[in-house]
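> Take a look at this one; I'll ask things after.
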Amino acid sequence: MFSFLRPDLADLVSYTPQPEDFLGKQNTKQEQIDRLDANENPYDLPESLKTKLARTYQEVIAVNRYPDGSHGKLKQAIVEYTNESAGVRHFHPANISVGNGSDELIRSLLIATCIGENGSILVANPTFSMYGILAKTLGIPVKDIGRDPNNFELNLEAASKAISNEDPPIKVVFVVHPNSPTANKLTEREISWLRELPEGVLVVIDEAYFEFSQSTLAPEITRHPNWVVLRTFSKAFRLAGHRVGYAVSHPMLTATLEKIRLPYNLPSFSQAAARAVLSHRHELLQVIPQIQKQRQKLIAALKKLPGLQVWPSDANFIYVRFQGNEASNERKMQEIADGMKARGTLIRNTGGGLRITIGSEEENKHTVQRFQEILQS
Ligand SMILES: *Cc1c(COP(=O)(O)O)cnc(C)c1O
């Protein structure tokens, strides 16, 4: 209807993470919905930390003033954590850019590299959908090279071919370590392949689930200036509601990301919250081993169910599907997802598999019970 709009946007569908009726219920905490569809941490911040943050809001933050547009103190805290978590000392604020969620950084990376027919991106589905979605909104072609259907390793042969042949050329390779929705870490073979990529290709290593896998490629950025590591506060650090992510990269790439972002991309209160969780990180990350233990319990319980295939996980979610042909698998997975929702558990049917977040012990009990109920009915 509007001839001023780009015609290629007509076919895109806007991202609707949760149905609104569930969002409403989430707001009144009484309604018990197990929200296991977005890989969030099941625990809110401790009351004491929330009180402290409320005091910061009342006494420190002037909301009539713009936020710190340089993210100075937050970057300093991120540097300390990044060095500590990677076992190195060489990162500085010049290596860090901060985004309104890592989603913003993904978009900035795409703007910095491919927009305007300058390049294509390479992804390996199933993977995090935002790479493809954001690329399409910017008119950037997406090449999907796929994965081994059994262990979800990248199809490296197809990937190498795409790097040599694609037009416009592949400028960015997106990998997730560990991958979502399939929960597997990069293998040594895959990492070696990434190391061999030409410097004209940017390698984005998304470590959104680093705290659960404890495996990071950040130390290699000094050897590979064409690598960038993305992290987020939305998962292990419990701040999905605050929208804070960061990128660790060569200072020249960081400087470019800084040029692209909106000047006040991160509200004062979100910066304060991110600094608060970093300074309480040792206490907050104490739940990680518990979640890992719950993960093993959930995997063991679901493995006992007939016909269900359950994969190992290095993250805070698991990936399952049914044995049998694709059509019957799709039908069963939709039945499960609908049945779970009707019983009060939200999980995600990614098309090809079900992704289930590890929740609290009680939520995980519900998950197993409800799976059993649905499969027996
Ligand atoms: C959840 C997630 C993110 C985090 O996105 P934010 O915008 O920081 O909330 C990034 N990458 C992957 C693979 C994720 O699963």
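> Past the 24 Å Cα-Cα mark, which pairs from Lys50/Lys235; Lys75/Lys136; Lys185/Lys293?
Table pairs above 24 Å Cα-Cα are Lys75/Lys136.
> Here's a follow-up. Going through the stretch 73-168, which GluC sites (Glu not before Pro) have at most 11 other Cβ atoms within 10 Å and a DSSP loop state?
Listed in order of number, the matching sites are Glu117.
> Using a Förster radius of 25 Å, what is the FRET efficiency between Met130 and Ala10 based on their Cβ-Cβ separation? Nearest 0.05, please.
Between Met130 and Ala10 the formula returns 0.80.
> Would you mind working out the accessible area per residue for the chain, using a 1.4 Å probe, and quoting it in Å²? Can you show the working numbers first?
On the way: 18310 Å² over 377 residues.
Per residue, the chain has 49 Å² of solvent-accessible surface.
> Taking a temperature of 25 °C and a viscosity of 0.890 mPa s, what whole-number D in µm²/s does Stokes-Einstein yield for the stretch 45-146 with Rh from Kirkwood over alpha carbon pairs?
D, rounded to a whole number, is 145 µm²/s.
> Right, something else. Rounded to the nearest 0.05, what FRET efficiency do Asn165 and Ala255 have when you use their Cβ-Cβ distance and R0 = 45 Å?
Efficiency, rounded to the nearest 0.05: 0.90.
> Measure off 7 Å from each Cα along the Cα-to-Cβ vector at Glu220 and Gln334, then give the distance between these two points in nanometres to one decimal.
4.0
> With labels modelled as points extended 7 Å from the Cα through the Cβ direction, what inter-label distance (nm, one decimal) is found for Lys52 paired with Asn325?
Going by the 7 Å Cα→Cβ label model, 5.9 nm.
> Let me ask something else. Give the accessible area for Tyr57 in Å² (nearest 10); use a 1.4 Å probe, count only protein heavy atoms, and leave out ligands, DNA and RNA.
Its heavy atoms expose roughly 110 Å² to the probe.
> Tell me, what is the percent relative contact order of the chain, built from C-alpha pairs under 8 Å that lie six or more residues apart?
21
> Given the rule -39500 (n - 2.57) for each run of at least 4 DSSP H residues, summed and divided by the residues of the chain, what is its mean residue ellipticity at 222 nm, to the nearest 500 deg cm²/dmol? Don't skip to the end; give the middle numbers.
Working: 14 runs with 156 residues, N = 377.
About -12500 deg cm²/dmol.
> On the accessible surface of the chain, probed at 1.4 Å, how many percent belong to carbon and sulfur atoms?
51
> Suppose we look only past 34 Å in the calculated P(r) of the chain. What percent of the Cα-Cα pairs does that tail hold?
Summing the P(r) of the chain above 34 Å gives 29 percent of all pairs.
> Express in nm, to one decimal, how much length is gained between Lys297 and Ile115 on full extension, taking 0.36 nm for each residue of separation and deducting their alpha carbon distance. Intermediate results must be reported in sequence, preceding the final value.
Numbers: separation 182, 0.36 × 182 = 65.52 nm, distance 4.49 nm.
Answer, rounded to one decimal: 61.0 nm.
> First measure r as the distance between the Cβ atoms of Arg65 and Glu361, then evaluate 1/(1 + (r/R0)^6) with R0 = 35 Å and state the FRET efficiency to the nearest 0.05. Write down the numbers at each step before the final one.
Details: r = 43 Å, r/R0 = 1.23.
After rounding, the FRET efficiency stands at 0.20.
> First select every other residue whose beta carbon is under 9 angstrom from the beta carbon of Leu74; then total the charges, Lys and Arg +1, Asp and Glu -1.
Values: positive: Lys73, Lys75, Arg275; negative: Asp68.
Net of charged neighbours comes to +2.
> Give the aspartates and glutamates reachable from Lys341 as a straight Cα distance under 15 Å; neighbours fewer than 8 places away on the same chain don't count.
Partners found: Glu20, Asp21, Glu31, Asp34, Asp37, Glu363, Glu373.
> Moving on to the next point. Using the per-residue mean of other Cβ atoms lying within 10 Å as a proxy for protection, in what order, highest first, do the peptides 335-343, 4-12, 322-330, 195-203 fall?
Per-residue mean Cβ counts within 10 Å order the peptides as 335-343, 195-203, 322-330, 4-12.
> Next up: Go through Ser249, Ser215, Leu305 and say which Cα lies farthest out towards the positive end of the charge dipole of the stretch 187-314; charges sit on Cβ, +1 for Lys and Arg, -1 for Asp and Glu.
Of the candidates, Leu305 comes out farthest on the positive side.
> Would you mind computing, in nm to one decimal, how far apart the modelled labels at Gln376 and Leu285 are, each placed 7 Å from Cα along Cα→Cβ?
According to this spin-label approximation, the distance is 4.2 nm.
The values are calculated or read from the model by the stated rules, or taken from the named source; none is laboratory data. Values in this document were obtained by computation on a predicted structure and should not be read as measured data. Methodologically, a virtual Cβ is constructed for each residue, glycine included, from the backbone with ideal geometry; neighbour enumeration extends over all protein chains shown. All accessible areas refer to the heavy atoms of the entire protein, side chains included, with ligands and DNA or RNA removed. Shrake-Rupley method; radii C 1.70, N 1.55, O 1.52, S 1.80 Å.
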